[in-house]
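Everything below concerns the one structure shown next.
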């Protein structure tokens, strides 16, 4: 089994409400449905293309985030990173739901979000190919 690296912008123990301005990013290595390692990284870039390059340069395959601008989402996807946007909630609960393939169950969607802008959809810790 291959290790999948997911990135989650966070603020005060929760998914950051807006990825474009978040400074803290957890990088989480996942293998076989289990979290292997978690590391906090401080993001430097604010321009959508710089930020996308920075995130993809960390080896990120999937970003789980709250609101995300269309420009940043497009830049991330262009850099080969799957974006699962408009996710909210306690960080550990979101990671657990992602690992169990239950992130799409509705309780983790931002209020007022239909979840339609999630590029690639939500899958069980695997990158859509």
### Query
Which one of the conditions (1) touching a residue at least 24 places away in the same chain (Cβ under 8 Å); (2) out of contact with any helix residue (DSSP H, G or I) (no Cβ under 7 Å at 6 or more places or on another chain); (3) within 21 Å of residue 110 (Cβ to Cβ) does residue 59 fail to meet, given that it meets all the rest?
(3)
### Task
Kindly list the number of the only condition in (1) part of a strand (DSSP E or B); (2) closer than 18 Å to residue 109 by Cα that fails for residue 38.
(2)
### Message
Scan the range 39-49 and tell me whether some residue there is surrounded by 12 or more Cβ atoms within 10 Å (Cβ to Cβ), over 12 Å from the mean Cα position of the chain (by Cα), on the phi > 0 side of the Ramachandran plot and modelled with pLDDT under 95.
### Response
no
### Query
Looking at residue 69, is it at pLDDT 95 or above, touching a strand residue (DSSP E or B) at 6+ places or on another chain (Cβ under 9 Å), on the phi < 0 side of the Ramachandran plot and buried (at least 17 other Cβ atoms within 10 Å of the Cβ)?
no
### Query
What do you reckon, is residue 76 surrounded by 14 or more Cβ atoms within 10 Å (Cβ to Cβ), assigned to a strand (DSSP E or B), within 12 Å of the chain's Cα centre (by Cα) and in contact (Cβ under 8 Å) with a residue 12 or more places away in the chain?
no
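Quick check on this structure: which one of 106, 121 is at pLDDT below 90 and in contact with a helix residue (DSSP H, G or I) (Cβ under 9 Å, 6 or more places away or on another chain)?
Only one candidate qualifies: 121.
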### Task
State whether the residues of the range 13-31 include one that is outside any strand (DSSP E or B), farther than 21 Å from residue 72 by Cβ and touching a strand residue (DSSP E or B) at 6+ places or on another chain (Cβ under 9 Å).
yes
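The values are calculated or read from the model by the stated rules, or taken from the named source; none is laboratory data. Note that the structure is a prediction, hence the values are computed from the model and not measured. Virtual Cβ from ideal backbone geometry, glycine too; neighbours counted across all protein chains shown.
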